[in-house]
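Below: one structure, written as structure tokens.
Throughout, read-outs are computed from the coordinates displayed, never taken from laboratory work. Note that this is a predicted model, so its numbers are computed, not measured. Here Cβ is always computed from backbone atoms with ideal geometry, including for glycine, and neighbour counts include all displayed protein chains.
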Amino acid sequence: MVMVGKTGVGKSALGNSLLRRHHFESSTIGMSVTSKCKFAKGNLRDGTQICIVDTPGIFDTRKSNEETTMEIVRCIGLSSPGPHVFLFVLSISRFTKEELDTVNHLVAVFGEDVINHVVIVFTGKESLTFEKLTLTDYLQRVPPELSELVQRCRSRCVTINNRADDAEVQADVDGIISMVRRTIHENGGSYYTGEMYRAAEEALNEKMRLIDEEKHRRERELQKRHEELEQREREIEATAARRTQEHENEKQRLEAELQELRNSDTRQQVREEVESSSGGGILKTILTTIGSVLVGVISSVATKRCTIS
Ligand SMILES: Nc1nc2c(ncn2[C@@H]2O[C@H](COP(=O)(O)OP(=O)(O)O)[C@@H](O)[C@H]2O)c(=O)[nH]1
Ligand SMILES: [Mg+2]
């Protein structure tokens, strides 16, 4: 839904009532609170999703052309591929020529067909309540220009008091929503799409295509990096497993050697060395120790032997 209408008629307040939360800035002070079109998404009580575009009185002809053009473009961009309804917001307490100009401006921008998607919302319902009037009573007393507009819109008119308590606002919102549903139904379920919306949609599709392309590129990049990291992780795990195995083997080998060392008979070892030595090593050591004694003994034995012989 796109809310249009003069500044100060209660568009932002209406948007907040529909959303059931304070989203749009709405104030009496500083009449130009909404300076740019704003988008909001919300849910109705039955869960139906609604999208609302609040406008800063763009079809209000008093603004400069440049400013107006930019905001109309923003409004189209935000409501693309096209809104189901334009909520034309008017205040019960006043209807001026400027308001009529706003509708004419809307039609001039979007084409006559846009009228089939317009729902007129009168804010300030409490003025009617105060005077014990129904909306139908009121519509019978409005100026002929407004009466004609109401007819062009096939009496799609509703009213709300945005300042009422929650229950009353909710009842008014329900009334607006059923009128919106009726409008959508009358238009065969389709949203408004004029030449400008189609052109804007093409531009937006192209933009979305580029964004998607970039997203896919980034996704592929991240995926590749992820796979590389996984592969690296597997390699690290395999290397770690191999190292652990190697360490384990080495540990077992050392333990066995240690055990063998502890169990070994040192004397037997020496004996074996003596047995297998061919004059070097241990024999040489023994010889160095006992050499002089042995040489003496052997030479004395030799002398005796000579004497005996
Ligand atoms: N009494 C009364 N005041 C309203 C109603 N709707 C909006 N307003 C007030 O009108 C002022 C302007 O409203 P705002 O939403 O800012 O208008 P916008 O410029 O069209 O967006 C604010 O002070 C609102 O509280 C209504 O139904 N009844
Ligand atoms: Mg506003």
Helix axis angle, 281-308 relative to the chain longest principal axis, alpha carbon, degrees: 10 degrees
Extension reserve of the residue 205-residue 224 stretch, reckoned as 0.36 nm per residue once the Cα distance is removed: 4.0 nm
Among 76, 286, 29, residue whose mean-square fluctuation peaks in a GNM of the chain (springs only between Cα atoms under 10 Å): 286
Range of Cα positions in segment 197-265 per principal axis (Å), largest first: 101, 11, 6
Dipole magnitude of the chain, debye to nearest 20 (Cβ charges: Lys/Arg +1, Asp/Glu -1, about Cα centre): 700 debye
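Hey, what number do you get for the chain at 222 nm if only DSSP H runs of n ≥ 4 count, each worth -39500 (n - 2.57), divided across all residues, to the nearest 500?
Using -39500 (n - 2.57) per qualifying helix, the result is -21000 deg cm²/dmol.
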Dipole of segment 2-193, positive direction: furthest Cα of 134, 111, 42, with charges on the beta-carbon: 42
For segment 217-227, 3J(HN,Hα) per residue [Karplus equation, 6.51 cos²θ - 1.76 cosθ + 1.60, θ = phi - 60°, Hz, x = Gly/Pro]: 4, 5, 4, 4, 4, 5, 4, 4, 4, 4, 5
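For the chain, what number results from the quotient of the Cα radius of gyration and 2.2 N^0.38 Å?
Normalised Cα radius of gyration, the chain: 2.52.
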Stretchable slack from residue 272 to residue 254, in nm (0.36 nm times residue separation minus alpha-carbon distance): 4.1 nm
Net charge of neighbours whose Cβ lies under 12 Å from the Cβ of residue 52, counting Lys and Arg as +1 and Asp and Glu as -1: +4
